[in-house]
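Contents: one structure, followed by commentary.
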Amino acid sequence: MYLNLFSLMLMLYSVTIFAAPSQDQLKEKLKLGNVIVFSHVVTKDTPKGKGAEQLKQLVKEQNKSLSGFPNVQVYPDSVLFDDNKVMDALAKDKNRVQLAAPSISKLLTINSKLKIFDFPFLFLTVDDVSKFYEVAREKLFVSKKVGDSTFWYLDEDKKYLVIGLWHGGMKQITSDEAITVSSDKPLKGSKFRIQSSPVIEQVFKALGAEFKLEDDFTKVYKKLKTKEINGQENTWSNIVTGKFYEEQKYFLETNHSYLGYLLITNQSFHDEHLKNPENEKRWQAIFDTVAGNVNQSTDNANAKESLISILQKDGKKDQPINSLNAQDREKWCERIYEGQYSEWKKLVEEIGKDIVQMAIQNKTGCPHDILRSIVNNPS
Ligand code: LMR
């Protein structure tokens with residue numbers, strides 16, 4: 001009997017140790033219980049990863065005082081879904097995932113007005129994006145008023161409820177090939193991984209780069225390693241936590257465009273947790289706290305500092321990170337916008353002149369002057 005029990009324990013132990021659950025097993029398991037699943041694609045150490053963990057902790061606190069309040073389980077690093085699959089699952093398989101925060105660039109086929117967030121050099125900082133989001137939200141999304149609350153949907157069919165905007169940060173450029181910043185085609189000679197956004201495509205084309213569309217963030221490192229691509233754009237935090245720097249020689253601080261996320265859920269989450277006004281207030285307080293913290297994150301500044309010391313330690317360079325100076329920035333901006341005027345015009349019309357106007361505000365210079373002339377052009 002002792003032996004049998006011992007063998008059984010040993011067997012269970014080996015199963016636990018050696019057989020990590022497959023994605024399907026994980027998904028099956030999650031169908032059960034009062035659990036809210038939050039799936040995302042980056043590491044726990046990024047602004048999004050930390051936001052997800054904080055959300056989980058704050059919900060747990062509620063749970064202590066309010067029995068029946070659910071628990072949140074967080075699945076980072078695409079262990080459950082990548083960003084495209086999670087959108088499918090949110091719409092079709094409501095028991096398996098209830099929260100996701102894909103980058104806005106991956107949501108453009110669902111809502112094309114969001115292309116504005118990818119416009120290069122339009123937003124100088126993430127705070128500019130926050131201000132724009134507040135004023136433009138009602139034009140970007142489909143709203144629904146219930147009592148005192150307004151709910152924002154990503155799509156006309158109201159499959160996706162938008163809870164809030166989380167900043168990833170401003171994007172920088174890395175490559176294995178030297179970047180001749182002031183040349184006419186500064187990114188010529190490199191093949192960049194970009195997310196599948198027509199706006200980003202237009203930018204890299206104008207800068208002379210080849211590019212490969214790849215939405216799955218977890219594939220980027222491997223593709224850099226195998227030289228399928230030799231450059232990419234991302235936030236400092238993603239560059240460092242994704243270890244992209246191991247495969248890249250050149251780092252250019254461009255802050256050329258914005259990477260942000262929409263925290264999204266589905267209608268069944270709404271029906272279960274947000275319909276009751278008391279519960280909605282509790283959730284809203286949690287969502288507001290987390291968004292506030294994510295959006296104040298200093299992770300990108302810290303990641304840049306640690307990248308500098310990693311590169312210096314490796315003896316890679318004395319001056320490991322170059323920056324785009326004001327003059328070159330102007331040149332890049334003009335190359336991108338003036339060189340493809342009719343394409344930007346089409347995009348502006350698709351997004352809506354009123355939304356573009358809100359993003360330009362009263363700023364001048366490139367691209368604001370060019371976009372203003374497109375907006376004001378009556379044709
Ligand atoms: C990317 O695919 O590069 C980003 O969307 C990853 C992320 O979610 O920050």
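The values are calculated or read from the model by the stated rules, or taken from the named source; none is laboratory data. Everything numeric here is computed off the predicted structure, so don't read it as measured data. Quick reminder, even Gly has a Cβ in these numbers, built from the backbone with ideal geometry, and neighbours come from all protein chains shown. In case anyone asks, the SASA skips ligands and DNA or RNA and just uses the protein heavy atoms, side chains included. Shrake-Rupley method; radii C 1.70, N 1.55, O 1.52, S 1.80 Å.
Would you tally the residues in the stretch 77-95 being crowded, with 22+ Cβ neighbours inside 10 Å and in contact with an Asp or Glu (Cβ under 9 Å, 6 or more places away or on another chain)?
2
Identify all residues within the stretch 124-148 that are in contact with a helix residue (DSSP H, G or I) (Cβ under 6 Å, 6 or more places away or on another chain) and open to solvent by less than 30 Å² (accessible area, probe 1.4 Å); write none if there are none. Can you show your working first?
Within the stretch 124-148, the subset in contact with a helix residue (DSSP H, G or I) (Cβ under 6 Å, 6 or more places away or on another chain) is 132, 135-136, 139-140.
Hits for the stretch 124-148 are F132, A136, L140.
Would you check which residues across the stretch 96-121 are open to solvent by 20 Å² or more (accessible area, probe 1.4 Å) and aliphatic (A, V, I, L, M) and list them?
Result: I110, single match.
Kindly check whether there is at least one residue in the stretch 58-77 that is in a helix (DSSP H, G or I), within 14 Å of the ligand (Cβ to nearest atom), within 20 Å of I239 (Cα to Cα) and in contact with a strand residue (DSSP E or B) (Cβ under 9 Å, 6 or more places away or on another chain).
no
Hey, N302 hits all of (1) in contact with a strand residue (DSSP E or B) (Cβ under 7 Å, 6 or more places away or on another chain); (2) open to solvent by 80 Å² or more (accessible area, probe 1.4 Å) but one; which does it fall short on?
In the conditions (1) in contact with a strand residue (DSSP E or B) (Cβ under 7 Å, 6 or more places away or on another chain); (2) open to solvent by 80 Å² or more (accessible area, probe 1.4 Å), N302 misses (1) alone.
Okay, residues lined up against (1) in contact with a helix residue (DSSP H, G or I) (Cβ under 9 Å, 6 or more places away or on another chain); (2) over 15 Å from S105 (Cα atoms):
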{"position": "S182", "(1), (2)": "yes, yes"}
{"position": "R193", "(1), (2)": "yes, no"}
{"position": "F204", "(1), (2)": "no, no"}
{"position": "F211", "(1), (2)": "yes, yes"}
{"position": "K222", "(1), (2)": "no, yes"}
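Look at the stretch 258-268 and say how many of its residues are closer than 15 Å to L55 by Cα and more than 16 Å from the ligand (Cβ to nearest atom).
Total satisfying the criteria: 1.
Examine the stretch 83-104 for a residue that is within 16 Å of the ligand (Cβ to nearest atom), closer than 30 Å to G365 by Cα and in contact with a helix residue (DSSP H, G or I) (Cβ under 6 Å, 6 or more places away or on another chain), and state whether such a residue exists.
Yes - at least one qualifying residue is present in the stretch 83-104.
Quick one: which of K158, K145, K188 is at positive phi and more than 17 Å from the chain's Cα centre (by Cα)?
The unique qualifying residue is K158.
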